[in-house]
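So the structure is just underneath, and the comments pick up after that.
The values are calculated or read from the model by the stated rules, or taken from the named source; none is laboratory data. Keep in mind that what you see is a predicted model, and the values were worked out from it rather than measured. A quick note on method: Cβ atoms are made from the backbone with ideal geometry, for glycine too, and the neighbour counts reach across all protein chains shown. Side chains are part of the model used for accessible areas, which takes the heavy atoms of the whole protein and leaves out ligands, DNA and RNA. Shrake-Rupley method; radii C 1.70, N 1.55, O 1.52, S 1.80 Å.
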Amino acid sequence: MIREDTSICIVGTGYVGMASAVGFATLGYRVRGYDILPERIRDLQRGVTPYREAGIDEALRAHLETGSISFHEDLSTAAANADFIILCVGTPASHDGSSDLSHVQAAVAAVERVRKSGSVVVLRSTVPAGTTDVLAAESGIDFVYAPEFLREGTAVSDFLDPDRIVVGASTKEMGERYAALLAALEKPVLVTSYKNAELIKGFSNAFLALKVSFANEVANMCDAVDADAHAVLAGVGHDKRIGTAFLRPGIGFGGPCFEKDVMSLHHTAGVQGVGRELLSATLRVNTNQPKRIVDILEFELGGLSGARIGIWGLAFKAGTDDVRDSLALRMIGDLHGRGAKLTAYDPSVRSLDEGSPCVLAPNELAAIDGADALLVLTEWPQFLDVPPWAIASRLRRRVMVDGRNLFDPDAMADVGLIYRGVGRKPNSGGSNTLAAVS
Ligand SMILES: NC(=O)c1ccc[n+]([C@@H]2O[C@H](COP(=O)([O-])OP(=O)(O)OC[C@H]3O[C@@H](n4cnc5c(N)ncnc54)[C@H](O)[C@@H]3O)[C@@H](O)[C@H]2O)c1
């Protein structure tokens, strides 16, 4: 049943905007969506989302049918009678690492012109500390700042099942007004100041990114001393004070959030003149890690000039088609620069930028047919359905570098592959189960 007492306008129908739109509609609210891209709105009106995200297409079509969601090409129709206007526009990185706030500023200016008095304007985009205070002072709007913590690939379920709801507000009452929208989720709510909420979002991502870089340093040490990074990190992470989440070595963190959010904090720390050694190190390790994986491949092949490399995975993570700031694309540039010839397959990527040195293949085996080596760059579980013998039989030089530690090293060695994971080789003495560690 649609609740007629409260209506919500979502401004910006990208990953966060659509997860929020579908999430609020699932909670029973009437939702109207607006985006500056009219073609995106027309697609959404037909039930077509612009990206791959588990469960979102079905949920969207169901809500379109009941009328709980609608999409509009003009903001005045979408926002005119809304009780809450929720801004979910992008905040990409500028050249100097700071957050580009131009989309947020444009959205605020547009909303100022059309909103009804008494509507609550909620900013959900990730912004640097102090941004909401400045926006509030410039516009006179009593904002709520409610950062989003969802992960692409599980965006709608994350929206509906958050660990906590963080709300930055000028007063406790304003914060609680927004939090009341999500009361049915029965999650812990933290109402705090704008700056605290902005920093909770930024430092949450920075800590997760730090864990990834930490795991990669562990893996590189394990490689050097012939230990198994999965076993080591399982043993470290099972200490409750540390935790296993995100202690996974690989090619590093890519995608539209972690790197830009750490860069933005790094920029703010520079402006404020405060220490930023951990932020710098997190970024530096993450810049070096993809190069290190390419170095491993180069070492195993004895050079990359003229080598044919089959790549599995382009999206920045499994479950999404998002290639924004995907490290796979950077690694393709590096491989090309070192003279390799590249063919790639990703189940969710249908095209690459014009001029890309990489050719797309229609499936896993076509990507590696006659290649010298296989390089795994996204942890799509369906890659595991390809039998190891089928991989080995197609690779001329039988080299496999698994940048996501997706495969079992020993099973790959058993079919004659020269397997290199990140911090793990065949028979390097480990498994990732705690039983094997203890
Ligand atoms: N993607 C994630 O996993 C994620 C998770 C948590 C937080 N965030 C943060 O949420 C924000 C949005 O991220 P996203 O990934 O959804 O971005 P996105 O690029 O997928 O979507 C942004 C949308 O806003 C639209 N837009 C831009 N300017 C507009 C305007 N003036 N009026 C209306 N629409 C406008 C764009 O056309 C686009 O459709 C960012 O600040 C991001 O850092 C993202």
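General observations
- Some residue of the range 305-319 being open to solvent by 20 Å² or more (accessible area, probe 1.4 Å), away from the ligand (no atom under 16 Å from the Cβ) and either touching an Asp or Glu at 6+ places or on another chain (Cβ under 6 Å) or within 28 Å of THR154 (Cα to Cα) (or both): yes
- Among the residues making up the range 7-53, those that are open to solvent by less than 40 Å² (accessible area, probe 1.4 Å), part of a loop (DSSP other than H, G, I, E, B) and free of Cβ contacts under 8 Å to residues at least 40 places away in the same chain are ASP35, GLY47, THR49.
- Taking the range 325-438 and the helices (runs of 4 or more DSSP H) fully enclosed by it, the elements with 2 or more residues that are surrounded by 18 or more Cβ atoms within 10 Å (Cβ to Cβ) are at 327-337, 364-368, 388-394, 409-414.
- Taken together, the residues in the range 55-82 that are within 19 Å of VAL111 (Cα to Cα) and either in contact with a Gly (Cβ under 8 Å, 6 or more places away or on another chain) or within 13 Å of the ligand (Cβ to nearest atom) (or both) amount to 9.
- Residue match in the range 200-211 (condition: in contact with a Phe, Trp or Tyr (Cβ under 7 Å, 6 or more places away or on another chain) and away from the ligand (no atom under 15 Å from the Cβ)): yes
- Among (1) part of a loop (DSSP other than H, G, I, E, B); (2) acidic (Asp, Glu); (3) within 9 Å of the ligand (Cβ to nearest atom), the one test that ASP158 misses: (1)
- Residues in the range 38-54 include at least one that is in contact with a helix residue (DSSP H, G or I) (Cβ under 9 Å, 6 or more places away or on another chain), farther than 21 Å from ALA107 by Cβ and within 11 Å of the ligand (Cβ to nearest atom).
Yes or no, residue by residue, for (1) open to solvent by less than 10 Å² (accessible area, probe 1.4 Å); (2) at pLDDT 95 or above:
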site	(1), (2)
ALA109	no, yes
GLY118	no, no
ASP133	no, yes
GLY140	no, yes
VAL144	yes, yes
GLU152	no, no
PRO162	no, yes
LYS172	no, yes
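- Residue ID - farthest from THR192 (Cα to Cα), chosen from residues in the range 153-171 that are charged (D, E, K, R) and without any contact (Cβ under 8 Å) to a residue 40 or more places away in the chain: ASP161
- Test: residue in the range 272-290 that is of a type outside the set (A, V, I, L, M, F, W, C) and closer than 26 Å to ARG398 by Cβ: yes
- Qualifying residue in the range 118-129 (condition: of a type in the set (Lys, Arg), within 20 Å of ALA206 (Cα to Cα) and touching a residue at least 24 places away in the same chain (Cβ under 8 Å)): yes
- Contact map, the range 241-256: first residue among the hydroxyl-bearing types (Ser, Thr, Tyr), second residue assigned to a loop (DSSP other than H, G, I, E, B), Cβ cut-off under 7 Å, separation 6 or more or different chains; pairs are THR244/HIS238.
- Test: residue in the range 135-152 that is free of Cβ contacts under 8 Å to residues at least 40 places away in the same chain, part of a helix (DSSP H, G or I) and among the polar types (S, T, N, Q): yes
- Members of the range 212-263 that are within 16 Å of the ligand (Cβ to nearest atom), at negative phi and open to solvent by 50 Å² or more (accessible area, probe 1.4 Å): CYS257, MET263
- Within the set LEU279, LEU283, the sole residue that is closer than 17 Å to VAL212 by Cβ, outside any loop (DSSP other than H, G, I, E, B) and under 17 Å from the mean Cα position of the chain (by Cα) turns out to be LEU283.
- Within the range 54-65, the residues that satisfy the criterion of being among the hydrophobic types (A, V, I, L, M, F, W, C) and either assigned to a loop (DSSP other than H, G, I, E, B) or buried (at least 16 other Cβ atoms within 10 Å of the Cβ) (or both) are ALA54, ILE56, ALA59, LEU60, LEU64.
- Of the residues making up the range 98-127, those that are more than 22 Å from ALA19 (Cα to Cα), away from the ligand (no atom under 11 Å from the Cβ) and in a loop (DSSP other than H, G, I, E, B) number 5.
- Residues that are within 30 Å of TRP380 (Cα to Cα) and either of a type in the set (Val, Ile, Thr) or open to solvent by 10 Å² or more (accessible area, probe 1.4 Å) (or both) do not occur anywhere in the range 66-80.
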